[in-house]
Amino acid sequence: MVAIDIETQNGQKEALRRMLTIRAFDTKAGELFGDGELPGFVHLYIGEEAVGVGACSALEEDDYITSTHRGHGHCIAKGLELEEMMSELYGKANGYCNGKGGSMHIADVDAGMLGANGIVGAGPPLATGAALTSQLKGEDTVALAFFGDGAVAQGQIHEAINLAATWDLPAIFLVENNQFGEGTPVEKQHNLQNLSETAEAYNIPGFTVDGMDVTAVYEAVKEARKRALERDGPTFIEADTYRYRGHFEGDQQPYRTDEDIAIWKENDAIERFRERLIDAGTITESEFDKMESEISEQVEAAAETAKEADYPDPSEAYDDMFNTSVPEINDFAQQMRTDGGENR
Ligand SMILES: Cc1ncc(C[n+]2csc(CCOP(=O)(O)OP(=O)(O)O)c2C)c(N)n1
Ligand SMILES: [Mg+2]
C-alpha cells in the first residue's frame, strides 16, 4: 500500500480512513476476543490512532517501523492488509506469520513492518539495527520505533538510543505516552515531567507533541525523518495519548474511572480530524458516513475470511521457526521435527 501524503486532500482523507480502520478493526478484535474466538491476548489501540497514522504518514513505503504488544494500529497505519492481520489473530494459516505469531507478533518485512513484539522495549534495538543497515548500505530510509511509556525505563532502549545517537543513525524513537504501563500511571514510573527529556542524556533533539492530533504527530516525525536523512542522527518524540480500553481485553481497570476516560474522549483524535476536514470542505458528512460503512464492511469481511480459513497443518509447526542456514540450528530443527527435541 502506498504511503500517505497528508499534505494533500486525498492524503488527509486516507489518514482519516486509516484511523477509522484501526478503530473498527480493534473494536471487532475486542468483540471476537470477548466471544472466545481468538486465542492468546489482544491489546487494543483504540484512542491512540493519531499516533500510528500521524507517524506513518511522515514515512515512505520502504522506511521501517518496529512495534509493540499493542501493534494492530501500527500495522494498519503502515498499510498492512486486514485479512492477513485478522487471520493471524485467529492463528490461521493465511495470517501474516502463518498463524504462529498471533496478535503480538504480526510482522511483514516487505512492508517495512519489522514486528509487533511481546517483549516490552524490544523494538528500539531492532530499529537501531535497521537504521545501521540503512546507513551502511547508503540507503535513503529511516527506521522508527514505537514504544510505550512503560518501556522508557527498559535498559535496552537506552542502549539502542545511545548507539543510534553516537553513530548518527537514521532512527526515530517515538514514545506513545498513553499515561499507563499496565495499571501504573506514568508519574509513578518516571522522575521526569516529560518523557522527551530523556533525549538530553543522548544529546539529541526531544519533543513532546499532542498525540491526539494526527497532524502534530506527522509534523514532528516529518522533521525527525528529514534530520535522519541528512545524517544528523536520531530524534526522540513523545506523543501524549490515551488508551480507551483496558490494558488487555478483560482488564477490570481499578486504576482509573469512567470520568478519567471521558475527559480524553472529549479530545478524540478521529472526531477532531473529522471536524477539521469537514470545516475545510475536504470531506462531506455523507462521504464520511460512506467511508465508515465501507470500512465496517471490510473489517467484517476480513473477520469472516479469517474465521473460515484453515489452521496451519501440525506438520508445519516447526517451519519458519529456525535459521536453517546455520548447520547446528538446522540439525536442531530436524530433531524437533522428528522427536520434539526429546533426545537432545
Ligand atoms: C520485558 C517485559 N517486561 C514486562 C512485560 C509485561 N508487560 C506487558 S505490557 C506491559 C506494560 C507496557 O506499558 P507501555 O510500555 O506503557 O505500553 P502500553 O501497554 O501502555 O501500550 C508490561 C509490563 C513484558 N511483556 N516484557
Ligand atoms: Mg503505556
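Any read-out appearing in this document is the output of simple, stated calculations on the displayed coordinates, not a laboratory observation. These numbers were taken from a predicted model, which means no experiment stands behind them. Cβ sites come from the backbone with ideal geometry, for glycine too, and all protein chains shown count toward neighbours.
For the residues ASP108, ASP289, ASP62, a GNM of the chain with alpha-carbon springs under 10 Å puts the largest fluctuation on ASP289. Of all the options SER296, SER286, SER196, the one that moves most in a Gaussian network model of the chain with Cα springs shorter than 10 angstrom is SER286. Rounded if a/c is under 1.5, else prolate if a/b beats b/c, else oblate: with a ≥ b ≥ c from the C-alpha gyration tensor eigenvalues square-rooted, which is the range 198-293? It comes out oblate by the Cα gyration axes.
Which value, in nm² and rounded to one decimal, describes the direction-averaged projected area of the C-alpha convex hull of the chain?
Its Cα hull, projected and averaged over all orientations, spans 18.7 nm².
Measure up LYS13/LYS265; LYS188/LYS265; LYS28/LYS307; LYS222/LYS265; LYS137/LYS222 against 18 Å on the Cα-Cα distance and list the ones that go over. From LYS13/LYS265; LYS188/LYS265; LYS28/LYS307; LYS222/LYS265; LYS137/LYS222, over 18 Å: LYS13/LYS265; LYS188/LYS265; LYS222/LYS265; LYS137/LYS222.
Remark: the Cα gyration tensor places the range 60-173 in the oblate category, a/c being 1.5 or greater and a/b not exceeding b/c. Once you reduce the range 44-81 and the range 273-344 to the center of their Cα atoms, the two points are 15 Å from each other.
Build a GNM of the chain with springs between Cα atoms under 10 Å apart, and of SER67, SER134, SER103 the one that fluctuates most is SER134.
Placing unit charges on the Cβ atoms of the charged side chains and taking the dipole of the chain about its Cα centre, the candidate lying farthest along the positive direction among ILE270, SER296, ASN330 is ASN330.
The residues packed around VAL142, meaning those with a beta-carbon under 9 Å from its beta-carbon, carry a net charge of -2 if Lys and Arg are +1 and Asp and Glu are -1. Note on the chain: with charges restricted to the Cβ of Lys and Arg (+1) and Asp and Glu (-1), its dipole about the Cα centre is near 680 debye. If you average the alpha carbon positions of the range 197-250 and of the range 96-142, how far apart do those two centres end up, in angstrom? The two parts, judged by their Cα centres, are 18 Å apart.
Considering only GLY148, ILE261, THR133, and ranking their Cα positions along the charge dipole of the chain that arises from unit charges at the beta-carbon of Lys, Arg, Asp and Glu, the one farthest toward the positive end is THR133.
Between the residues GLY246, THR184, GLY79, the greatest Cα displacement towards the positive end of the dipole of the chain, with unit charges on the Cβ of Lys, Arg, Asp and Glu, is found for THR184. Report summary: the helix-based calculation at 222 nm, which adds -39500 (n - 2.57) for every DSSP H run with n ≥ 4 and divides by the residues of the chain, gives -14000 deg cm²/dmol. Placing +1 on the Cβ of every Lys and Arg and -1 on the Cβ of every Asp and Glu, with no other charges, gives the range 1-81 a dipole of roughly 240 debye about its Cα centre. The convex hull defined by the C-alpha atoms of the range 92-151 has an orientation-averaged projected area of 4.6 nm².
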